[in-house]
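Below is one structure, written out as C-alpha cells, with a few remarks after it.
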Amino acid sequence: MSEPLHNLVQLARNNHESAWDQLFRAYQLRIFAYAKNLTGDREAAFDIVQESFIRAIANVGDLRDDSRFGSWLFGIAHQRCMLHFRRTKREVALFGDEDHGRDGEADWPDPREALLQEERAEALYALVDNLPLQQRSALLLHVLGEFSLEDVAAIVDVPVGTVKSRLHHAKRALRSLIEEAKP
Amino acid sequence: MKETPQYWLLAREKDVLPRLDSIRRAAVAPERATLPEVVVEIFRPNLGVWLSLALLWIVLAAAHFRISAETTTYSKAAGQPPDLALITLSNDEKISLLDAHY
C-alpha cells in the first residue's frame, strides 16, 4: 500500500474509491486463500470475497479502530464462511469436538518453523486441508493474516483461550502429520 | 519473497488474481445501470405476467372506447340539444327562441 493504512481507512470512510481499491487489493488474495482453505470450495471463496468487500463498504461505520482494519475485514470474511457452512448444512459434519486440552502457550512448537522445515508446499496444503475446521481456521488466520491470538479471537468471536487451544491442537496435529510423512 | 507457509499458501492461488481484481473493481465502483437496463431488469423476471397485464389493459381500453362511442351515437340520434349550446346562448338569442316557440 502506498499510503499508511490509517490514511487509507480514513479516505475509505469518505467513500474514496481509490482508497477502497488499495485496501482490498492488499487483502484480496489472503481472504480468498482463507475462504478457499476453510470451505474447500473455490467458487464459494470467490463469492465470500465479493460479499465481504460489499459488506465492508456498507458497514465501515462499524469499524472503531482503523488500525484493526485487516482483522475487521477478515472477521467479515469469517462470518461469510460460517454462513456458507450453514447454507450448505455442512457445519455439523465439519465441526469436530473442540476446546479441550490445555490453554498454555509456553512450550508450543512454532508451526511456521515446523512447516518451514518441511519445505514441501504440496505436503503443507495436504496437512492444512486435513485439519479440523476450527483448528484450520485458527491456523490460517495466524499464518495467512499474521494476526495475534487476540485478533484471531476477535475475528472468530471466541475467547483467547479457545484460540490458544485450537492453535495448540492444530500445531500438534501438523507435527504428527509431518512425522508420519517423513520417510 | 521469503518462502514462508504464508507464501506457499498464497502461491497456489496466484492464478485467481485477475478474477479477484474484477471482483474488487465491481465492489468498489459498481456500474450504474442505465434507464433501459433498469426497465429490462424490472420486466424480464416476470415477462409473462407483465405481457398478460398489458393485454388485459388493451382489451379493457378497447371495450371502454367502444362503449363510449356507442353512447355518443345514441345521444345524437335522440335529438337532444347539447346542454352546452344552451348555456352559451346570449339572452337575446334565448328570448328569440322562446318567441319562436310560443
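The values are calculated or read from the model by the stated rules, or taken from the named source; none is laboratory data. No experiment lies behind these values; they were computed from the predicted model shown. Every residue, glycine as well, gets a Cβ built from its backbone with ideal geometry; the counts of neighbours run over all protein chains shown.
Matching residues to (1) at pLDDT below 60; (2) surrounded by fewer than 19 Cβ atoms within 10 Å (Cβ to Cβ):
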residue	(1), (2)
A:Glu43	no, yes
A:Ala56	no, no
A:Leu73	no, no
A:Arg80	no, no
A:Leu83	no, yes
A:Leu94	yes, yes
A:Asp97	yes, yes
A:Glu105	yes, yes
A:Ala121	no, yes
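So, in region A:139-183, exactly how many residues are within 14 Å of chain B (Cβ to nearest Cβ), closer than 21 Å to A:Ala26 by Cα and touching a residue at least 24 places away in the same chain (Cβ under 8 Å)?
Filtering region A:139-183 down to residues within 14 Å of chain B (Cβ to nearest Cβ) leaves A:139-147, A:167, A:170-171, A:174-175, A:177-178.
Next, from what is left, pick out any that are closer than 21 Å to A:Ala26 by Cα: A:139-147.
Applying the additional criterion that residues be touching a residue at least 24 places away in the same chain (Cβ under 8 Å) yields A:139-145, A:147.
Result for region A:139-183: 8.
Return the total of residues in region B:10-69 being of a type outside the set (A, V, I, L, M), part of a helix (DSSP H, G or I) and farther than 30 Å from A:Leu140 by Cβ.
Start the filter on region B:10-69 by keeping residues that are of a type outside the set (A, V, I, L, M), which leaves B:12-15, B:18-19, B:21-22, B:24-25, B:30-32, B:34, B:36-37, B:41, B:43-46, B:48, B:50, B:52, B:57, B:64-66, B:68.
Still in the running and part of a helix (DSSP H, G or I): B:14-15, B:18-19, B:21-22, B:24-25, B:36-37, B:41, B:43-46, B:48, B:50, B:52, B:57, B:64-66, B:68.
Checking which are farther than 30 Å from A:Leu140 by Cβ leaves us with B:36-37, B:41, B:43-46, B:48, B:50, B:52, B:57, B:64-66, B:68.
So the count comes out to 15.
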